[in-house]
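Contents: one structure, followed by commentary.
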Amino acid sequence: MGTGPMVAVYGAYGHTGRFVVERLRERGFTPVLSGRDADRLKAAAAATGAEARPAAVDDPAALDRALAGTAAVVNCAGPFATTAGPVAEAALRAGIPYVDVAAEIEANADTLARFADRARAAGTVVLPAMAFFGGLGDLLATAAMGDWTAADEVHVAYGLSGWHPTAGTVAAGAVSRERRGGRRVRFANGRLEYRHDDPPTLEWPFPEPMGPRTVIGEFTMADVVTVPHHLAVPEVRTYMTAEAARELSGADASAPAGADGRPAETFLVDVVVRSGGRERRAVARGRDIYAVTAPLVVEAVDRVLTGRARTSGAVSAGALFDAPDFLRALSPHIAWEARP
Ligand SMILES: NC(=O)c1ccc[n+]([C@@H]2O[C@H](COP(=O)([O-])OP(=O)(O)OC[C@H]3O[C@@H](n4cnc5c(N)ncnc54)[C@H](OP(=O)(O)O)[C@@H]3O)[C@@H](O)[C@H]2O)c1
């Protein structure tokens, strides 16, 4: 086990949590495994040699024991509508940074709003959506903006070759849908708008070698929370390749990602920002949206713990980090380029 600072991973035995534990070790941290199922935690600890500290989210004392002596906590247990509040509260009590991988729009917005004052007053960081959805798009949009401080529109187009979601993703989607009462959500006119109509289908001109693809427009992802939280942009639109959107809606939550032996999806994230008729673009490529979340979130933890965060408070990735420098550090997991 590493000798570096201890970092707690809540939801450590989940699909994403396991990638995060492995990446923390690779980066020299000492992961401490937490989550609600003591037996699954014990098994994960035995497999990794890490310490297991079980805690349910409705047991603050157990959460305090789980975080004792750690330098930061990464929350990988979704639905985050249930877990983000209690784990972030425990992080504030412990005086340590809280980072999560939530892709739930309303839960991310809640986390940013609920902890804004206390995180700032404590001089600590509460960082939701530090993951493929929410975090990467925000970093790319921020990098593409360059010296612009405002833009008219940000578009984030996800070119996924497929999408075999985990049980956690399917459950998080169900919670979000229920919260929206059957409506869909988009970010327009500077705010989240809830609508009853169908989202548009259109063609998105992904850069080669992917080329033009049919996408679902207003397939709204966490970037609509992270980007406008720190950039003055009234329109943030996200798009998803139609075949990946179809796979998500027909997903069987009982079959975990990778269980069918199919290779993980490849991705191309194409971000376009427009201001006064001018356009800038940033593109990222890689594979496995769950695995790639680990280098994203561990890079964030490392930067926060080594004084490379630009601010404190409840913030998103683009506000917290030097975006181009952060993106460069993700190689070889993610390749990116800005296209002025
Ligand atoms: N933003 C992104 O790009 C991104 C990337 C990766 C993952 N995610 C999100 O992260 C979450 C986890 O994904 P995953 O792939 O790891 O799914 P997973 O393999 O199904 O794991 C889910 C984990 O959350 C735990 N959990 C669920 N509800 C809990 C609760 N109420 N209290 C304590 N623990 C709870 C589960 O524990 P039990 O088994 O005991 O229920 C399990 O450890 C999902 O919401 C997913 O959408 C987002």
Q. What does the charge add up to near HIS15, with Lys and Arg as +1, Asp and Glu as -1, over the other residues with Cβ less than 13 Å from its Cβ?
A. 0
Q: Quote the charge dipole size of the stretch 6-127 about the Cα centre in Debye, to the nearest 20; the model charges only the Cβ of Lys and Arg (+1) and of Asp and Glu (-1).
A: 360
Q: Rounded to the nearest 10 degrees, what's the angle between the helix 80-94 long axis and the longest principal axis of the chain, both from Cα atoms, 0 to 90?
A: 50
Q. Between THR82 and ARG308, how many nm apart are label points set 7 Å from Cα along the C-beta direction?
A. 3.6
Q) Along the charge dipole of the stretch 1-85, Cβ charges K/R +1 and D/E -1, which of SER34, HIS15, ALA62 sits furthest on the positive end? A) HIS15
Q. For the chain, which whole percent of the accessible surface, found with a 1.4 angstrom probe, sits on carbon and sulfur atoms?
A. 51
Q. What is the magnitude of the charge dipole of the stretch 80-128 about its Cα centre, with +1 placed on the Cβ of each Lys and Arg, -1 on the Cβ of each Asp and Glu, and no other charges, expressed in debye to the nearest 20?
A. 240
Q. Shape call for the stretch 146-258 from the C-alpha gyration tensor, a ≥ b ≥ c root eigenvalues: rounded (a/c under 1.5), prolate (a/b greater than b/c) or oblate?
A. oblate
Q: Just check the stretch 38-113 against the gyration tensor rule for me: Cα atoms, a ≥ b ≥ c as the square roots of the eigenvalues, rounded for a/c under 1.5, and otherwise prolate or oblate depending on whether a/b exceeds b/c.
A: prolate
Q.
Once ligands and nucleic acids are excluded and a 1.4 Å probe is used, how much of TRP163 is accessible, expressed in Å² to the nearest 10?
A. 10
**Q.** Cβ-defined net charge surrounding HIS230, 11 Å radius [Lys, Arg +1; Asp, Glu -1]
**A.** 0
Q | Residue-span extension gain [ALA46 to ASP322] - 0.36 nm each, minus C-alpha spacing | A | 95.6 nm
Q. Hey, what D do you get for the stretch 208-340 in µm²/s if you plug the Kirkwood alpha-carbon radius into Stokes-Einstein at 37 °C and 0.692 mPa s?
A. 194
Q: Can you tell me the relative contact order of the chain? Whole percent, Cα pairs under 8 Å, sequence separation 6 or more.
A: 20
Q: Would you mind checking which residues have amide H under 5 Å from GLU153's amide H? H placed 1.01 Å from N; only 5 or more apart, or other chain.
A: ARG274
Q | Prolate/oblate/rounded label for the stretch 5-86 (Cα gyration tensor, a/c 1.5) | A | rounded
Q: Run the dipole for the chain about the Cα centre, Lys and Arg Cβ at +1, Asp and Glu Cβ at -1, nothing else charged, and hand back the magnitude in debye, nearest 20.
A: 440
(Q) Below 14 angstrom from the Cβ of ALA109, what's the summed charge of the other residues (Lys, Arg +1; Asp, Glu -1)? (A) -2
Q: Report relative contact order for the stretch 163-226 in percent, whole number only (criteria: Cα-Cα under 8 Å, sequence separation at least 6).
A: 23
Q.
When only alpha-carbon atoms are used, what values of Rg and Dmax, in angstrom, describe the chain?
A. 18.8, 57
Q. Residues of the chain: accessible area per residue at 1.4 Å, in Å²?
A. 40
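The values are calculated or read from the model by the stated rules, or taken from the named source; none is laboratory data. Note that the structure is predicted; figures quoted are calculated from it, not measured. Methodologically, a virtual Cβ is constructed for each residue, glycine included, from the backbone with ideal geometry; neighbour enumeration extends over all protein chains shown. These accessible areas exclude ligands, DNA and RNA; they are computed on the full protein's heavy atoms, side chains included. Shrake-Rupley method; radii C 1.70, N 1.55, O 1.52, S 1.80 Å.
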